[in-house]
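Undergrad: My structure is below; once you've seen it, I'll send some questions.
The values are calculated or read from the model by the stated rules, or taken from the named source; none is laboratory data. Keep in mind that what you see is a predicted model, and the values were worked out from it rather than measured. Heads up, the Cβs are rebuilt from the backbone with ideal geometry, glycines too, and the neighbour counts pull from every protein chain shown. When the accessible area is computed, the model is the full protein with side chains, heavy atoms only, and any ligands, DNA or RNA have been set aside. Shrake-Rupley method; radii C 1.70, N 1.55, O 1.52, S 1.80 Å.
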Amino acid sequence: MNREKGARKSPDSNTDPREVLGALQEEARRKRKTAADAATAVITVGTATCGLASGALETKTALEQAVRDYGIEARIKEVGCIGHCYAEPVVIMEREGFPPIFYHQVTPGKARMLVKSFLREGDPLFEHVLGAMEENELIPWVMDFPRFNQESRVVTELCGHIDPDDVYEYLAEGGYGAMAGGILVPPEELIHEIEASGLRGRGGAGFPTGRKWALARKAVGSEKTVICNADEGDPGAYMDRTLLESNPHQVLEGMALCGLAVGAKKGIVYVRSEYPLAVERITRAIGQAEDLGLLGYGILGSPFDFEVKVFQGSGAFVCGEETALIRSIEGHRGMPRHRPPYPVEKGLHGQPTIINNAKTLAAAVQVIARGARWFGEIGTETSRGTAIFSVVGDVVHPGLVEIAMGVSLRTLIFGICGGIPKRKAFRAVQIGGPSGGCLPGQFLDTPIDFDSLTRAGAMMGSGGMVVMDEDTCMVDVARYFLDFTQKESCGKCTFCRIGTRQLLHVLERITKGEGREDDLDLLEELSEDVKSGSLCGLGKTAPNPVLTTIRYFRDEYEAHVKEGRCPAGACRALTAFYIDLEKCARGCDACVGCCPVEAIFTTRNRKKGIDQTLCVKCGECMTACPPEYDAVRKVSPPDRAPVIERPVEEETHGKEAGGSPSPGK
């Protein structure tokens, strides 16, 4: 229940917010100790969206049943995402005599086995151990592995370690301490600390956060509002979602600090409705904070009021742009408007509004709690602090990674995330979301910071990163991202609405082998026109994948246009599958049963062939072919596939039987 206005203490109250918070934190530590003393073992299960998608709830249920069956007094605790999505479902087990042990890919069956062997019998089952969470002499420490020890967990420090649905877990870790201290200092001092830290916006633009707060502080208005922008819509990006699901109170504390600094009494968390778990957890966190006097009226017995509500967006990508986001909250269609005036001057309902990304607000808590000097020592001269990336695609250890600014792309992709699977070659990395750029191997030593990535032709963006291997067609990648941004265009600007559609038409034509000699010049010219003629960041950056792929992979475009060939063999219209008869094993029918259109037939010598007139180029035959034979081949252009004639009697049999012939025919 929200606290009433009448409960607020008067401005001349002598109550020290730090003392009030200290009592709450002490209570939180007592609760933690009581819970620990009552159990002989603690089992931690990651139940953020990545864990749930991998079966974490089923694993948790199996753990609960197992501890009951074996009579073990164990406490099972849900936490958020620890960032190691490749290892989900993740379970950490603690018992006396052992360090906390990190187990990966814990299925319900494995969960029951671990409870029996480790918690009851004392056998950790080393073959299932990823590592120990503490340094010890028995089990390798997780910090011995690059995926752990090369991270710099600042913003995500508590993610995957505390229960996001329990405010006392955050309080026990010193939570809301930065806010309590901030209440006692002048707002200008908070702003100065943020400015001195060098913190820049983590939503993509990289605007200095302290400067934005200072502008909002000076803005004149009857009601100022702080908006947390958690509306990430980049394909493969989930940084903001993870923060809201794993440590929502840190984001709320950051919003309160921003409110203190700029003079706002109202906050809004803007999150897309496609994030139901994030919505649920941030909403619950707000209620818990209000119940303890950490949000609402008279926070911690002080004159500071700050109310926070959640607004669910409908999922439009363009609403990540701040003026479109504001119109969405006001009940209008999310469409950007001209700036100036900027939202800090005239935003929500015409009043000063400050919009910060969820990661920015969470980072601000660390700046105030630990000091600008501490934060400024991390990163580079112009890009201070850390950056959070969701690394996905063709990489061994995908997931959420927080690194210091200035770390190279090579270190992140190959050192931390394990490189490319199956020993395939690196092709490119797409960084900055669908509006970012695609960078080839020559840029792997580029430092990850705002300025270096911009010079390379990409952008920091909000933190989405897609890694691609040698089997990726860069022309098709440009088409894919153009298809996304074109569909997400609000349609307000002619160049964005029509220009992106025409860019997509040209790219589709090229991937079908229908490209024209002047298409590359047309793509470059039209891309520059779209960038120049668009109002918001979506239109201005939408052509980036096209421009960077032409710039760095021009030979691939020319192969498509001039030779009708896809070098990666990814464009269906430009590829064909055939079976190498010298490698095909007589009598093997592995590929026959998987073909959805019955294009595979048996030759006279009982080997297999592919009818090119029926083949839909799905590639299932290549997947099904046993590795010891490796007989299925993919070629481009399609006319390189040798013609293997179907036996006449097989054609007749197929017509009479209405199906594929038997292997003996």
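Undergrad: Kindly provide the set of residues from the range 414-441 that are part of a helix (DSSP H, G or I) and free of Cβ contacts under 8 Å to residues at least 60 places away in the same chain, ordered by number.
TA: Answer for the range 414-441, where residues must be part of a helix (DSSP H, G or I) and free of Cβ contacts under 8 Å to residues at least 60 places away in the same chain: F414, P421, K422, R423, G441.
Undergrad: Which members of the range 100-112 meet the condition of being surrounded by fewer than 20 Cβ atoms within 10 Å (Cβ to Cβ) and closer than 30 Å to M239 by Cβ?
TA: Result: P100, H104, Q105, T107, P108, K110.
Undergrad: Just to be sure, is G331 in a loop (DSSP other than H, G, I, E, B) and under 23 Å from R281 (Cβ atoms)?
TA: no
Undergrad: May I pose another question? Restricting attention to the range 268-296, which residues are under 18 Å from A53 (Cβ atoms) and of a type in the set (D, E)?
TA: Listed by number, the residues that qualify are E274, E280.
Undergrad: Now for a different question. Do you know which residues across the range 36-53 are among the small types (G, A, S), open to solvent by 10 Å² or more (accessible area, probe 1.4 Å) and closer than 19 Å to A87 by Cβ?
TA: Listed by number, the list holds a single entry, A53.
Undergrad: Inside the range 306-320, can you point out the residues that are part of a helix (DSSP H, G or I) and of a type in the set (A, V, I, L, M)?
TA: V318, the sole residue that qualifies.
Undergrad: Would you check if C496 is more than 30 Å from K422 (Cβ to Cβ) and part of a loop (DSSP other than H, G, I, E, B)?
TA: No; evaluated as a whole, the condition is false for this residue.
Undergrad: Just for the range 132-179: of the residues that are touching a Phe, Trp or Tyr at 6+ places or on another chain (Cβ under 8 Å) and assigned to a helix (DSSP H, G or I), which one is farthest from M405 (Cα to Cα)?
TA: Applying the filter and picking the extreme gives Y170.
Undergrad: While we're looking at this one, here's another question. Taking into account only those residues within the range 373-394 that are closer than 16 Å to S408 by Cα and not in a strand (DSSP E or B), which is most open to solvent (accessible area, probe 1.4 Å)? Give the derivation first.
TA: From the range 373-394, those closer than 16 Å to S408 by Cα are 378-391; that's our starting set.
Narrowing the set further to residues that are not in a strand (DSSP E or B) leaves 378, 380-383, 385.
Numbers: I378: 33, T380: 39, E381: 142, T382: 72, S383: 0, G385: 0 Å².
Among residues in the range 373-394 that are closer than 16 Å to S408 by Cα and not in a strand (DSSP E or B), the one most open to solvent (accessible area, probe 1.4 Å) is E381.
Undergrad: Just a yes or no: is a residue in the range 254-261 within 27 Å of K346 (Cα to Cα), aliphatic (A, V, I, L, M) and touching a Ser or Thr at 6+ places or on another chain (Cβ under 8 Å)?
TA: Looking for residues that are within 27 Å of K346 (Cα to Cα), aliphatic (A, V, I, L, M) and touching a Ser or Thr at 6+ places or on another chain (Cβ under 8 Å), one finds none in the range 254-261, hence no.
Undergrad: So if I check each of R604, R633, R572, which one is open to solvent by 10 Å² or more (accessible area, probe 1.4 Å), touching a Ser or Thr at 6+ places or on another chain (Cβ under 9 Å), over 30 Å from M459 (Cα atoms) and not hydrophobic (A, V, I, L, M, F, W, C)? Give the derivation first.
TA: Details: R604 fails: touching a Ser or Thr at 6+ places or on another chain (Cβ under 9 Å); R633 fails: touching a Ser or Thr at 6+ places or on another chain (Cβ under 9 Å).
Exactly one residue qualifies, and that residue is R572.
Undergrad: Here's something else I'd like to know. Checking A590 against (1) closer than 18 Å to P627 by Cβ; (2) touching a Pro at 6+ places or on another chain (Cβ under 8 Å); (3) open to solvent by 50 Å² or more (accessible area, probe 1.4 Å), only one condition comes out false. Which one?
TA: Here A590 clears every test but (3).
Undergrad: Here is a further query. Regarding T209, is this residue buried (at least 24 other Cβ atoms within 10 Å of the Cβ), more than 17 Å from the chain's Cα centre (by Cα) and more than 28 Å from P276 (Cβ to Cβ)?
TA: Taking the combined requirement at face value, the residue satisfies it.
Undergrad: What are the residues in the range 41-56 that are closer than 14 Å to E245 by Cβ and part of a strand (DSSP E or B), if any?
TA: Within the range 41-56, V45, G46 qualify.
Undergrad: Filter the range 425-466 for residues that are among the polar types (S, T, N, Q), within 19 Å of the chain's Cα centre (by Cα) and under 16 Å from G206 (Cβ atoms) and give the result.
TA: S435, S462
Undergrad: Residues in the range 445-455: is at least one buried (at least 22 other Cβ atoms within 10 Å of the Cβ) and either without any contact (Cβ under 8 Å) to a residue 60 or more places away in the chain or among the small types (G, A, S) (or both)?
TA: Yes, there is a match, as at least one residue in the range 445-455 is buried (at least 22 other Cβ atoms within 10 Å of the Cβ) and either without any contact (Cβ under 8 Å) to a residue 60 or more places away in the chain or among the small types (G, A, S) (or both).
Undergrad: Something else about it: Going through the range 185-197 one residue at a time, which ones are open to solvent by 20 Å² or more (accessible area, probe 1.4 Å) and part of a helix (DSSP H, G or I)?
TA: Once the filter is applied, which keeps residues that are open to solvent by 20 Å² or more (accessible area, probe 1.4 Å) and part of a helix (DSSP H, G or I), the range 185-197 yields P187, E188, E189, H192, E193, E195, A196.
Undergrad: Give A87, A74 a once-over and let me know the one that is over 20 Å from the mean Cα position of the chain (by Cα), within 26 Å of L138 (Cα to Cα), in contact (Cβ under 8 Å) with a residue 24 or more places away in the chain and surrounded by 20 or more Cβ atoms within 10 Å (Cβ to Cβ).
TA: Unique residue meeting the criteria: A74.
Undergrad: Tell me, which helices (runs of 4 or more DSSP H) lie completely within the range 198-305 with 3 or more residues that are closer than 30 Å to F481 by Cβ and in contact (Cβ under 8 Å) with a residue 24 or more places away in the chain?
TA: 239-246, 276-291
Undergrad: Which of the residues that make up the range 396-426 are over 18 Å from V154 (Cα atoms), open to solvent by less than 10 Å² (accessible area, probe 1.4 Å) and of a type in the set (V, I, T)?
TA: Scanning the range 396-426 gives a single hit, I413.
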